[in-house]
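Read-outs: derived from the displayed coordinates by stated rules, not from any lab. Remember, predicted model here, so these are calculated numbers, not experimental data. Please note: Cβ atoms are built from the backbone with ideal geometry, for glycine as well, and neighbour counts cover all protein chains shown.
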Amino acid sequence: MLNSELETLVETSDEWIYARTGIKQRHIAREDETTSEMAYEAAIHAIEMAQVQFDSIELVIVATSTPDLIFPGTACLVQKKLKLRNGAAAFDVQAVCSGFIYAISIADQYIKSGTTKRALVIGADMNSRILDWRDRTTCVLFGDGAGAVILDRGDAPGIYKTRLCADGSYSDYLQVPSGVSKPTGDPFIRMRGNEVFKFAVNAMDEIVDETLADTELARSDIDWLVPHQANRRIIAATVKKLGLSMDKVILTVAEHGNTSAASIPLAMDVGIRDGRIKQGDIMLLEAVGGGFTWGSALIRY
């Protein structure tokens, strides 16, 4: 969906949206499409790219805030679609836009503990289902999507370190007010934009040094910053505070909008497939999501 198409729904314009967010378009799922279907397609692409056997996957984690059903979990539905019959564990993680970081951190612990040899981690969200298309402060920002990675046990460091944080005192800054045990009648994303912006920039600046600590790596060693694709202005402000160059940032927000848990794996996929991210490059992934939750991962590709 192009920005110009939103002009027929709310009082906005392509110029207004792009100037404030850096977004040119977003993808909206079909009415008959589900989050598990998007997650399954992303999983297939990841498995094919990694050239691994389906039955070698021992763990499936799906990061999502928009599951198909209350239960079973979306990860179980993906496991079913993949026809995994080897007893692979499967569960969902809900940390909103930080969900993918949380999910790969969990998978990393399973692998490093020796519990799991190979994990499939997916970030998938269908934000269009929880958007108020009359609210221009939110409906112009979000899109639907899914991305996935395969994590393997190996000799060389893949994931150096992950850092996960949360602070529930900010819960009303970015939320969907209605739920199962609290049916308020407002099932849409509500956001206090200015407050979210300020928090995100500060949190991302602080977490970088926390992530690099005890790794013998410095900011100058980071080849690529792969941030949550929420808003170009947030990313640019974060990059400036970090003292990095925008040339070292994988930026896909213009094409995808904010796809929540899917945004980082989608950006990684773009950077790898177009040849910018190369074998051996060090990536810093980072995200802030409703909750607030936030986190980062330092990875060698």
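What to note about this one:
- By the beta-carbon count within 10 Å of each Cβ, the least crowded to most crowded order of ARG276, ARG30, fewest first, is ARG30, ARG276.
- At R0 = 25 Å, FRET efficiency that the Cβ-Cβ distance of ALA89 and VAL180 yields, to 0.05: 0.55
- For region 1-76, the C-alpha radius of gyration divided by 2.2 N^0.38 Å, with N the number of residues, is 1.53.
- Ranking of GLU15, GLU286, GLU33 by neighbouring Cβ atoms within 10 Å, starting from the fewest: GLU15, GLU33, GLU286.
- One quarter of the surface of the convex hull around the alpha-carbon atoms of region 159-300 equals 9.2 nm², the direction-averaged projected area.
- When you restrict to C-alpha pairs under 8 Å that are six or more residues apart and normalise by the size of region 110-169, the relative contact order lands at 38 percent.
- Projecting the alpha carbon convex hull of the chain along each direction and taking the average yields 15.3 nm².
- Ordered by the count of other Cβ atoms within 10 Å of each Cβ, fewest first, THR137, THR8, THR74, THR252 give THR8, THR137, THR252, THR74.
- Calculated on C-alpha atoms, the gyration radius of region 3-152 divided by its Kirkwood radius gives an Rg/Rh of 1.05.
- In the chain, helical runs assigned H by DSSP with n ≥ 4 each contribute -39500 (n - 2.57); averaged across all residues and rounded to the nearest 500, the mean residue ellipticity at 222 nm is -10000 deg cm²/dmol.
- Cβ crowding within 10 Å averaged over residues, with 93-101, 193-201, 171-179 ranked highest first: 93-101, 193-201, 171-179
- Computed lengthening from ARG30 to LEU2, 0.36 nm per intervening residue step minus Cα-Cα distance: 8.5 nm
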